[in-house]
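> Quick one: structure below, then a few questions.
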Amino acid sequence: WQKDVPLGDAAKNVTGTRVKVFGRIHRLRVQKQATFLTLKDGYGFLQCVIAAGPLTSTYEALLFAQETSLFLYGELRTVPEGATAPDARELHVDYYEVYGRAPGDAEAITNIVASGQQDPWESDMLDKRHLVLRGEKASAVMKLRSILYESFIIQYKERRIAAVSPPAFVQTQVEGGSTLFKVPYYSEDAYLTQSSQLYLETCLPSMGDVYCIEKSFRAEKSLTRRHLSEYTHIEAELDAIDFDDLLTHIEDMICGVVDAVLADPAGKELVELLNPGFVKPQRPFKRMKYTDAIDWLNAQDPPVPNEFGEPHVFGDDIAEAAERKMVDTLNVPVLLTHFPAEVKAFYMKKDPQDLRVTESVDVLMPNVGEIVGGSMRMDKYEELMEAFKGKGLNPEPYYWYLDQRKYGSSPHGGYGLGLERFLAWLAHQHTVRTCCLYPRFMGRAKP
Ligand code: 4AD
Ligand code: MG
């Protein structure tokens with residue numbers, strides 16, 4: 001390595017020794033007695049002090065700017081009583097080498113980095129996302145995302161749920177034709193996958209319970225806080241279960257993942273930084289049937305209307321605004337269950353107690369709304385054929401999906417969770433756009 005230690009916490013145990021570190025200038029303060037740099041390297045921050053004198057009067061030192069990258073040499077010391085610095089340490093610099101200069105003045109990116117993510121709607125900020133990401137808050141969200149991602153993998157492993165990797169080029173829709181991206185595929189057409197669910201179902205006989213973390217693609221034609229055209233979809237499929245098992249598993253996974261993130265000191269620190277008011281969800285989650293949700297919406301003063309401005313009636317979709325009104329008022333996670341078959345996808349199993357509705361669930365979180373969609377699956381061949389007909393779908397391309405019902409069917413179910421939405425909830429982000437590296441949505445495919 002060119003450097004002795006990464007910045008931040010990792011450098012704690014070398015206090016009192018001379019080290020070589022590398023980083024970029026995050027903050028710069030030039031004072032009479034010394035130049036203070038807050039250096040960053042992606043691991044953390046370190047305050048560096050260059051005493052006024054020959055080291056600060058060089059041409060390079062005069063051109064120090066935010067994002068200038070440099071190697072610094074010096075002794076790591078605990079800061080004096082009363083002074084503040086990240087991790088209470090500072091580097092007393094005795095030598096440095098500038099590696100990459102950065103422009104100051106008009107081209108300085110101070111505002112971009114400092115603005116972090118205050119305006120993720122502004123196209124200039126989106127064009128400069130690669131620089132915005134260098135900001136403290138923006139990078140904190142990405143670091144938390146990394147810990148969250150790993151926590152899911154660990155939780156699945158602990159539950160003996162195996163990872164699989166289904167294809168992204170597909171020829172069957174899962175969640176409705178209107179959001180399909182069609183792509184030329186050699187001499188035929190294919191779609192970008194909307195969900196790996198159907199493939200996960202085919203793995204049950206060979207692998208047992210399975211999950212995948214893949215990209216899903218939706219040609220969403222609206223610009224909202226929570227819709228992306230490409231998002232990270234965490235999906236699992238569980239064999240030989242009933243609807244109640246599914247709900248319990250989802251609750252258990254969400255709480256398990258939150259506990260795992262908070263058990264990681266870095267995860268805890270990031271949640272505290274980004275979402276100081278965060279409270280761990282309490283189990284069991286509030287459970288509410290679709291019909292009760294409709295009643296609840298109509299009983300508000302004033303009533304919360306459906307998407308046409310009318311009172312909600314059975315069979316209406318619960319639109320984003322109504323959903324959020326509900327969950328923000330209740331202010332706890334909600335398992336919203338038993339949606340009517342007509343507002344949900346073809347594969348959802350009907351509730352034997354009430355054939356108008358399905359064994360389906362959406363998990364709603366305050367501030368975000370739906371973060372999970374799941375259901376029990378129709379597992380009878382004939383019933384599934386009927387469902388295809390009902391939704392006007394040609395069953396032919398689904399021959400492999402139907403074969404699961406033909407060769408030893410099982411009661412099974414699963415769910416999909418949007419990682420960006422989960423992160424928006426955990427990190428208290430206004431929109432999913434700040435929860436992915438380079439958001440993709442209608443009208444944006446750069447940088
Ligand atoms: O509710 P959805 O459409 O359900 C499915 O795709 C099922 N086939 C999943 C399954 O059972 N295996 O999507 C699941 C979740 C949503 O709850 C939401 O969190 C996220 O995926 N999601 C999106 N996230 C960001 N942008 C979009 N356009 C999203 N569409 C869905
Ligand atoms: Mg859904």
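> Compute and list, largest first, the equivalent-ellipsoid semi-axes of segment 162-308 from the alpha carbon gyration tensor, each √(5λ) rounded to a whole angstrom.
30, 24, 19
> I would also like to ask the following. Under a GNM of the chain (C-alpha, springs under 10 Å), which listed residue has the highest mean-square fluctuation: 31, 47, 66?
31
> May I ask for the distance between the Cα centers of segment 380-447 and segment 52-118, given as a whole number of Å?
47
> Still on this structure, I have one more. I want to verify a result. In a Gaussian network model of the chain, Cα cutoff 10 Å, which of these has the top mean-square fluctuation: 231, 95, 398?
Comparing 231, 95, 398 in the GNM, the peak value goes to 95.
> On to the next question. Roughly speaking, to the nearest percent, how much of segment 8-107's 1.4 Å accessible area is carbon and sulfur?
On segment 8-107, the fraction of accessible area on carbon and sulfur atoms equals 53 percent.
> Can you compute the FRET efficiency between residue 51 and residue 128 using 1/(1 + (r/R0)^6), with r the Cβ-Cβ distance and R0 = 22 Å? Round to the nearest 0.05.
The value I calculate is 0.05.
> Write down the accessible area per residue of segment 8-107 in Å², having rolled a 1.4 Å probe over the full set of protein chains.
Using a 1.4 Å probe on heavy atoms only, each residue of segment 8-107 averages 54 Å².
> Can you give me the P(r) profile for the chain? Cα pairs, bins 20 angstrom wide beginning at 0, each as a whole percent.
22, 47, 24, 7, 0
> What part of the accessible area of segment 136-435, given as a whole %, is carbon or sulfur when the probe is 1.4 angstrom?
Percent of accessible area from carbon and sulfur atoms in segment 136-435: 52.
> Counting other Cβ atoms within 10 Å, which GluC sites (Glu not before Pro) in segment 1-94 have at most 12 and lie in a DSSP loop?
81
> Let me ask something else. Just to verify a number: FRET efficiency for residue 310 and residue 245, C-beta to C-beta distance, R0 = 22 Å, to 0.05?
Computed FRET efficiency for residue 310 and residue 245: 0.05.
> Also: Using only alpha carbon pairs under 8 Å that are at least six residues apart, calculate the relative contact order of segment 136-435 and give it in whole percent.
Reported as a whole number, the value is 20 percent.
> If you scale each eigenvalue of the Cα gyration tensor by 5 and take the root, what three semi-axes come out for segment 8-107, rounded to whole angstrom and sorted largest first?
For segment 8-107, the ellipsoid semi-axes come out as 21, 15, 13 Å.
The values are calculated or read from the model by the stated rules, or taken from the named source; none is laboratory data. Since this is a predicted model, take the numbers as computed values, not measurements. Note that each Cβ is placed from the backbone with ideal geometry, even for glycine, and that neighbours are counted across all protein chains shown. In case anyone asks, the SASA skips ligands and DNA or RNA and just uses the protein heavy atoms, side chains included. Shrake-Rupley method; radii C 1.70, N 1.55, O 1.52, S 1.80 Å.
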